[in-house]
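One structure below.
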Amino acid sequence: MTEQVLITIRGMQVMDEEAAPSPELITTGTYSLADDNVHQVVYQEHLEEEGETVTNCLMFSGDKVELKKNGGVETHLVFEKGKRNLTCYQTPYGSLSVEMTARKVEIARGENEIQISLEYGLAMNQQDMAECMLNISIQSNSV
């Protein structure tokens, strides 16, 4: 995998039996592999409505995926199959207590591409909100 990567993130939320796709994010970032076999991808995300930029750090190894966001939104999301993880999701409008229960955490690694597939239940402020799917594609970017 090259240091410069192309990242594609697609999501879907099912609320009250109605599916709502999230906007697709396609961006570039940097990839590294640490000595402890933790993969790390760092990329920027622009929040149009707020006019803010968020720095995202995606880390994964084994069957665990973590996403740290800093900037206009701040949080540390952890996805581990069968585990419930609670975090605070800080936005420009206030903070929310967010809970994720991962049902699927799959990481497929290839020479020039990594695919991450997540399925999880989402609750906010102790109320079930949605079933979510998130697919992340990380590809070598030779440009």
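What to note about this one:
Per-residue answers, yes or no, for (1) loosely packed, with under 14 Cβ neighbours inside 10 Å; (2) closer than 19 Å to Met1 by Cβ; (3) aliphatic (A, V, I, L, M); (4) touching a helix residue (DSSP H, G or I) at 6+ places or on another chain (Cβ under 8 Å):
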| site | (1), (2), (3), (4) |
| --- | --- |
| Gln40 | no, yes, no, no |
| Glu52 | no, no, no, no |
| Glu74 | no, no, no, no |
| Leu77 | no, no, yes, no |
| Lys83 | yes, no, no, no |
| Leu86 | yes, no, yes, no |
| Ser95 | yes, no, no, no |
| Asn112 | yes, yes, no, no |
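- Every condition in (1) closer than 21 Å to Thr8 by Cα; (2) assigned to a strand (DSSP E or B); (3) small (Gly, Ala, Ser) holds for Ser142 except the one numbered (2).
- Subset of region 1-29 (residues that are touching a residue at least 24 places away in the same chain (Cβ under 8 Å) and more than 15 Å from the chain's Cα centre (by Cα)): Met1, Thr2, Glu3, Gln4, Val5, Val14, Met15
- Screening Ser32 with (1) out of contact with any Ser or Thr (no Cβ under 7 Å at 6 or more places or on another chain); (2) touching a residue at least 24 places away in the same chain (Cβ under 8 Å); (3) part of a loop (DSSP other than H, G, I, E, B) gives one miss only, at (3).
- Exclusive hit being at pLDDT 90 or above, more than 24 Å from Ala34 (Cα to Cα) and within 12 Å of the chain's Cα centre (by Cα), set Glu131, Glu119, Glu66: Glu119
- Selection from region 74-93 of residues that are within 21 Å of His46 (Cβ to Cβ) and part of a strand (DSSP E or B): Glu74, Thr75, His76, Leu77, Tyr89, Gln90, Thr91
- If the condition is being surrounded by 15 or more Cβ atoms within 10 Å (Cβ to Cβ), free of Cβ contacts under 8 Å to residues at least 60 places away in the same chain, part of a strand (DSSP E or B) and not hydroxyl-bearing (Ser, Thr, Tyr), then region 57-72 contributes Cys57, Met59, Phe60, Lys64, Val65, Glu66, Leu67, Lys68, Lys69, Gly71.
- Per the conditions (1) loosely packed, with under 12 Cβ neighbours inside 10 Å; (2) touching an Asp or Glu at 6+ places or on another chain (Cβ under 8 Å); (3) among the hydrophobic types (A, V, I, L, M, F, W, C), the sole criterion not satisfied by Leu25 is (1).
The values are calculated or read from the model by the stated rules, or taken from the named source; none is laboratory data. Note that this is a predicted model, so its numbers are computed, not measured. Glycine gets a Cβ as well: all are built from the backbone with ideal geometry, and neighbour counts include every protein chain shown.
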